[in-house]
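**Student:** I have a structure here, written as structure tokens, and I will follow up with some questions on it.
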Number of protein chains: 2
Amino acid sequence: MTSRSKSLFNTADPDMRKLLEKEAVLTDLGNASGLAYWDQDVNMPEGGEDARVKLISTLDTIQHDLQTRRYLDRLITRLEGKVDNGDFSEYDRALLRELRTDYDLASKLPRRFVTEQSKVNSKAQQTWKRAKMANDGKGDFSLFASDLAAVFDLKRREADYLGFQGHPYNALLDQYEQGLTVEQLDTIFPVLVDATKTILDRVEGAEVDRSFLSLKYPRGVQWSFARRLSRSLGFDFTRGRLDRAVHPFTIKFDPTDVRITNRADPNYLPAGVFGVIHETGHALYEQGVDRGLSGTRLATGTSMGIHESQSRFWENYVGRSNEFWEYWFPMLQRKFPSQLGSVNVDQFVKAINAVRPSPIRIEADEITYNIHVVIRYEIERDLLSGKIQTKDVPMIWNEKMRSYLGIDPQTDSQGALQDVHWSSGLVGYFPSYSLGNIYAAQFYNSLRNQHPDIDRSISKGEYGFIRQWLRENIHRHGSVYRPGDLSTNVTGEQLNPQYFVDYAMNKFGRLYGIDLKTSQLNPLHA
Amino acid sequence: MTSRSKSLFNTADPDMRKLLEKEAVLTDLGNASGLAYWDQDVNMPEGGEDARVKLISTLDTIQHDLQTRRYLDRLITRLEGKVDNGDFSEYDRALLRELRTDYDLASKLPRRFVTEQSKVNSKAQQTWKRAKMANDGKGDFSLFASDLAAVFDLKRREADYLGFQGHPYNALLDQYEQGLTVEQLDTIFPVLVDATKTILDRVEGAEVDRSFLSLKYPRGVQWSFARRLSRSLGFDFTRGRLDRAVHPFTIKFDPTDVRITNRADPNYLPAGVFGVIHETGHALYEQGVDRGLSGTRLATGTSMGIHESQSRFWENYVGRSNEFWEYWFPMLQRKFPSQLGSVNVDQFVKAINAVRPSPIRIEADEITYNIHVVIRYEIERDLLSGKIQTKDVPMIWNEKMRSYLGIDPQTDSQGALQDVHWSSGLVGYFPSYSLGNIYAAQFYNSLRNQHPDIDRSISKGEYGFIRQWLRENIHRHGSVYRPGDLSTNVTGEQLNPQYFVDYAMNKFGRLYGIDLKTSQLNPLHA
């Protein structure tokens, strides 16, 4: 453990001590709510739903009450007046910066609104589950449409309360990735769409055998492999858990208690394997936060985009590489001899990387994945501005799927109902996934430059130096640096989609044995 | 489901509505803390300990803050002024009665004290676990002595804050069983001790083969049997869970979410079997509470003694009866053919009822069980008054074990470290267990009088009418009636140990084929 448990803050200052005390209470309330949420997904008996919705709403309301107390404002203001003198560190300044931002944001949201939103979202989540399961698992969007309308209604009101320049969606984007705007995404996303089209056009018709990925893979064996994989990548089970849930996610209560969930699809091996690598990537970020930041809002990943860069880094850059499977494939074969006995590692790596448009986001390949994000982004943006209605979402969804990817979702559960996000009020979140892909490419590029021998280590199952590099440069800082600053510190520049495009052209060119033209790096923010 | 989900309270009254809103928040906070506690025992990774201790302490402090607000006092007072007019029901009056009691009690405890106590107890619980596991599982009480001293120190201070007449222990007893006093226990317990001595003297030397209970019983098979048993007794798994924990317990977040934990000892069958019946008894009480009481402090068992009467009822009166095993033993034999194939049901019932002093409370037979309670009672009482010191507890413990039961605990984990209660600040709680035995005998007697055919139903595995009788008479009322009133409503009299003594003399006389003189019923409170 490189992290310290001694506080990194200026506890000699009485105001700072008071602030840290208040902050610890807010952190605990957030964690109590998080635990209730985790339990709801992992453990809760179905009958407990109504009581749980109320419980989470109560905790969120109390947190909001305490977060908007005048006393807190005065304390922050007093500390802002002296934080630039020599006694305070960058940690103190970062904490004040985040508290000020959150105080100002929270103060804009009326208490009644927060309670209502918490209740509506909790209910919508349960409705979504039922709608997705309805119709023998095919799903029925119409069961969910009015709950979704209520969620977006509140999101629009939230944007109005918070205020925004340009599109109302900017107010929501800003909460997951500070400063991110519709205008920016409308510049970045076309770069990804173009690259995807280029690759899709060139690989179309290339036959890749993926049939062996869809044989029967018993859940129990998958779980034991997943645990082993997660542990070997560095997930610390004395400070975390791995459980089953319908939708994989990561949640942290402290750097010492970080929980991931995963699923094991008995008919599709990659879902569970890459699910667990992905969530482990998130978890390593949270477990790697300096414990001296514990009990404050700095003790977590700095933005959703950076968070997603960590999961993508492990899932795609490490976990889908040839070298990774040189090490793991023999073991996987031993676990599933009848399914994989006659497959070799090259065939396996080709199959898990095959570019193949799918209706399901979390099963998409690295390339078409971004299109799933773009589709959701466009729908969110247009729902929020009122340009489209929730009842029309399945139709619009399917149209976009056809036009971007040439595929036709057969059911709602494979279409607009597939993701939990909207039902939990996560609007403005999806773009983070593509930001994650982009940041991951930037970080990977920097890491490779400093460790040119990375491939050889991965092929030996050694990830220690990768973890250390990520921890040193990214994880331990928690939210001390904002995403743009962190990116600049680590890679020398801000968000730049060209690294991802170049990586993708190179990787898929090699995989398919074709020459995909790599453009020159053309930093957007330079 | 006989229970309603419509509120039973006078929601037409605006003050009552306000009170119910406040009460719902307090209930939610209690449940959030309960969930954190449950998770700590069932799921939490070891590293999460420190953060969890802080979390629970924060929630308890906030709850205490809200519970002692002047506004609440004024609201209660206002309602007390009008609650006797015709618009209010016994539910409203009961809620006000409980709120008034709890408000007055909570207001006597300073905020700082509550925070301190929550922290000390959480820490003591972790220390207890370590101390019990220490020394290769033999336990080391000395590791726990100073934490225990801190717990009792605070308990003494708590008694002083709350105020008491007579012994300071009365202030603590009152929290689990209203009105119960040292003076009363010093009358009741000798009746139990005398009866135990009589039975022990007479059955001494009688050989009962129990060896087959201590063979290897694989955990997995035990768990599947336990689940089946619990379901068949009426535990509703759509409104509850059964999990593994070091120490079995029941916790409820709502009548719709009631969780039990159990253990399966691979070397001792009865631990898991009677553990799950016992906890199911507690759970049926909580699941049977009228849902119209949800979100208030009335939606739970009315006292620890009555609660324990429900677990004892199922564990002993039903679960250790001959008739019960006439139905279940064939299935148990099929599950464990090599262990139980050559045992018959009579031998089995004799073995599980054998009077045999044991160092372990939760493995004690029905008769000597009360002695375990008496020993803890005497130690608690004397620790609280300062008559003895925590460091001397193992010595005193072992002396009492020798003198009452003639046995000599070989290790601390089999002695003074065996129970979790003290470490979680549950002082004054143990007597409830014997109260439970006594109440159970009274309820059983009433039920038998109304349903003389009870034995025949049990022998057919039919428990529906028992459950219905308990639900109708006890469960659905939650905490609407105080224990003494409930007992009088159901059995026509208050707590009376003679029913237990008569039941025990009769049962063990039959089991051992000896004539144990049954005294005349001599109601203590008549």
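**Student:** Could you tell me whether B:Arg381 is open to solvent by 40 Å² or more (accessible area, probe 1.4 Å) and part of a loop (DSSP other than H, G, I, E, B)? Explain how you work it out, then say what you get.
**Tutor:** Working: open to solvent by 40 Å² or more (accessible area, probe 1.4 Å): yes; part of a loop (DSSP other than H, G, I, E, B): no.
No: the conditions fail for B:Arg381.
**Student:** Modelled with pLDDT of 95 or more and among the hydroxyl-bearing types (Ser, Thr, Tyr): which single residue out of B:Tyr512, B:Tyr499 fits that description? Please lay out each step first, then the result.
**Tutor:** On the way: B:Tyr512 fails: modelled with pLDDT of 95 or more.
It is B:Tyr499.
**Student:** What do you reckon, is A:Phe274 under 23 Å from A:Gln468 (Cβ atoms) and part of a helix (DSSP H, G or I)?
**Tutor:** Numbers: under 23 Å from A:Gln468 (Cβ atoms): no; part of a helix (DSSP H, G or I): yes.
Taking the combined requirement at face value, the residue does not satisfy it.
**Student:** If A:Glu98 satisfies all but one of (1) open to solvent by 40 Å² or more (accessible area, probe 1.4 Å); (2) within 30 Å of the chain's Cα centre (by Cα), what's the number of the condition it fails?
**Tutor:** Only one criterion in (1) open to solvent by 40 Å² or more (accessible area, probe 1.4 Å); (2) within 30 Å of the chain's Cα centre (by Cα) is unmet by A:Glu98, namely (1).
**Student:** Here's another thing I want to ask about it. Tell me, yes or no, whether segment B:228-237 has at least one residue that is part of a helix (DSSP H, G or I), closer than 28 Å to B:Tyr481 by Cα and of a type in the set (Gly, Ala, Ser).
**Tutor:** The answer is yes; a qualifying residue exists.
**Student:** Can I ask one more? Of the conditions (1) more than 30 Å from B:Arg239 (Cβ to Cβ); (2) among the hydrophobic types (A, V, I, L, M, F, W, C); (3) facing chain B (nearest Cβ under 8 Å), A:Phe88 fails just one. Which one is it?
**Tutor:** The number of the failed condition is (3).
**Student:** Taking segment B:5-16 on its own, how many of its residues are more than 11 Å from every other protein chain (Cβ to nearest Cβ), in contact (Cβ under 8 Å) with a residue 40 or more places away in the chain and outside any helix (DSSP H, G or I)? Reasoning before the result, please.
**Tutor:** Our first condition is that a residue be more than 11 Å from every other protein chain (Cβ to nearest Cβ); within segment B:5-16, this holds for B:6-16.
With in contact (Cβ under 8 Å) with a residue 40 or more places away in the chain added as a condition, the list becomes B:6-10, B:12-13, B:15-16.
Filter again for outside any helix (DSSP H, G or I), leaving B:6-10, B:12-13.
Residues flagged as more than 11 Å from every other protein chain (Cβ to nearest Cβ), in contact (Cβ under 8 Å) with a residue 40 or more places away in the chain and outside any helix (DSSP H, G or I) within segment B:5-16 amount to 7.
**Student:** Hey, among the residues in segment A:238-263 that are outside any strand (DSSP E or B) and within 18 Å of the chain's Cα centre (by Cα), which one's nearest to the other protein chains (Cβ to nearest Cβ)? Can you show your working first?
**Tutor:** Taking segment A:238-263 and keeping what is outside any strand (DSSP E or B), we get A:238-239, A:245-249, A:255-256, A:263.
Now drop any that are not within 18 Å of the chain's Cα centre (by Cα), which leaves A:245-249, A:255, A:263.
Details: A:Ala245: 13, A:Val246: 17, A:His247: 19, A:Pro248: 17, A:Phe249: 16, A:Pro255: 9, A:Arg263: 18 Å.
Here the residue is A:Pro255.
**Student:** I need a count of the residues in segment B:101-144 that are within 16 Å of B:Thr390 (Cβ to Cβ) and more than 25 Å from the chain's Cα centre (by Cα). Please lay out each step first, then the result.
**Tutor:** Step one: of segment B:101-144, the residues within 16 Å of B:Thr390 (Cβ to Cβ) are B:120-121, B:123-125, B:127-128, B:131-132, B:139-144.
Next, only the ones that are more than 25 Å from the chain's Cα centre (by Cα) stay: B:140, B:142-143.
Final tally of qualifying residues: 3.
**Student:** Can you name the number of the only condition in (1) in contact with a Lys or Arg (Cβ under 6 Å, 6 or more places away or on another chain); (2) open to solvent by 40 Å² or more (accessible area, probe 1.4 Å); (3) at pLDDT below 95 that A:Val208 fails?
**Tutor:** (2)
**Student:** State whether the residues of segment B:481-501 include one that is assigned to a helix (DSSP H, G or I), within 21 Å of the chain's Cα centre (by Cα) and charged (D, E, K, R).
**Tutor:** Checked segment B:481-501: at least one residue is assigned to a helix (DSSP H, G or I), within 21 Å of the chain's Cα centre (by Cα) and charged (D, E, K, R).
**Student:** What number of residues within segment B:308-330 are over 25 Å from B:Glu204 (Cβ atoms) and open to solvent by 20 Å² or more (accessible area, probe 1.4 Å)?
**Tutor:** Residues meeting the conditions: 4.
**Student:** Among the numbered criteria (1) surrounded by fewer than 22 Cβ atoms within 10 Å (Cβ to Cβ); (2) of a type in the set (Gly, Ala, Ser); (3) closer than 30 Å to A:Glu116 by Cβ, which single criterion is violated by A:Ser479?
**Tutor:** Condition (1) is where A:Ser479 drops out.
**Student:** Could you tell me which residue of segment B:17-50 is nearest to the other protein chains (Cβ to nearest Cβ), considering only residues that are surrounded by 19 or more Cβ atoms within 10 Å (Cβ to Cβ), touching a strand residue (DSSP E or B) at 6+ places or on another chain (Cβ under 6 Å) and touching a residue at least 40 places away in the same chain (Cβ under 8 Å)?
**Tutor:** B:Asn31
**Student:** Only one of these conditions is not met by B:Thr61: (1) out of contact with any Gly (no Cβ under 9 Å at 6 or more places or on another chain); (2) more than 23 Å from B:Gln125 (Cβ to Cβ); (3) hydroxyl-bearing (Ser, Thr, Tyr). Which number is it?
**Tutor:** Result: B:Thr61 passes all but (2).
**Student:** Continuing with this model, one more query. Over 21 Å from B:Glu23 (Cα atoms), touching a Phe, Trp or Tyr at 6+ places or on another chain (Cβ under 9 Å) and in a loop (DSSP other than H, G, I, E, B) - does that describe any residue in segment B:45-61?
**Tutor:** There is at least one residue in segment B:45-61 that is over 21 Å from B:Glu23 (Cα atoms), touching a Phe, Trp or Tyr at 6+ places or on another chain (Cβ under 9 Å) and in a loop (DSSP other than H, G, I, E, B).
**Student:** Identify the residue in segment A:251-284 that is free of Cβ contacts under 8 Å to residues at least 60 places away in the same chain and among the polar types (S, T, N, Q) and, among all such residues, is surrounded by the fewest Cβ atoms within 10 Å (Cβ to Cβ).
**Tutor:** A:Asn267
**Student:** For segment B:175-197, enumerate the residues that are touching a residue at least 60 places away in the same chain (Cβ under 8 Å) and open to solvent by 50 Å² or more (accessible area, probe 1.4 Å). Can you show your working first?
**Tutor:** Start the filter on segment B:175-197 by keeping residues that are touching a residue at least 60 places away in the same chain (Cβ under 8 Å), which leaves B:175-180, B:182, B:185, B:187-189, B:191-193, B:195-196.
Residues satisfying the conditions are B:Gln175, B:Gln178, B:Thr187.
**Student:** Still on this model: Restricting attention to segment B:211-237, which residues are more than 14 Å from every other protein chain (Cβ to nearest Cβ) and among the aromatic types (Phe, Trp, Tyr)?
**Tutor:** Residues of segment B:211-237 that are more than 14 Å from every other protein chain (Cβ to nearest Cβ), as a first pass: B:211-219, B:221-226, B:228-229, B:232-234.
Scanning segment B:211-237 gives B:Phe212, B:Tyr217, B:Trp223, B:Phe225.
**Student:** In the set A:Leu79, A:Leu59, A:Leu75, which member is open to solvent by less than 10 Å² (accessible area, probe 1.4 Å), in contact with a helix residue (DSSP H, G or I) (Cβ under 8 Å, 6 or more places away or on another chain), under 23 Å from A:Arg111 (Cα atoms) and more than 9 Å from every other protein chain (Cβ to nearest Cβ)?
**Tutor:** Details: A:Leu79 fails: under 23 Å from A:Arg111 (Cα atoms); A:Leu59 fails: more than 9 Å from every other protein chain (Cβ to nearest Cβ).
It is A:Leu75.
**Student:** Which of the residues that make up segment A:125-139 are out of contact with any Leu (no Cβ under 8 Å at 6 or more places or on another chain) and in a loop (DSSP other than H, G, I, E, B)? Step through it out loud before you land on a result.
**Tutor:** Here is the first cut: in segment A:125-139, the ones out of contact with any Leu (no Cβ under 8 Å at 6 or more places or on another chain) are A:125-126, A:129, A:133, A:135-138.
Result: A:Asn135, A:Asp136, A:Gly137, A:Lys138.
**Student:** Continuing with this model, one more query. Looking at A:Ile260, A:Ile362, A:Ile371, which is the one that is touching a strand residue (DSSP E or B) at 6+ places or on another chain (Cβ under 6 Å) and more than 26 Å from A:Pro452 (Cβ to Cβ)?
**Tutor:** None of the others qualify; the one that does is A:Ile260.
The values are calculated or read from the model by the stated rules, or taken from the named source; none is laboratory data. Bear in mind that the values here come from a model prediction, so they are computed numbers and not experimental data. Using ideal geometry, Cβ is built from the backbone for each residue, glycine included, and neighbour counts are taken over all protein chains shown. Just so you know, the surface numbers come from the protein's heavy atoms only, side chains and all, with ligands and any DNA or RNA stripped out. Shrake-Rupley method; radii C 1.70, N 1.55, O 1.52, S 1.80 Å.
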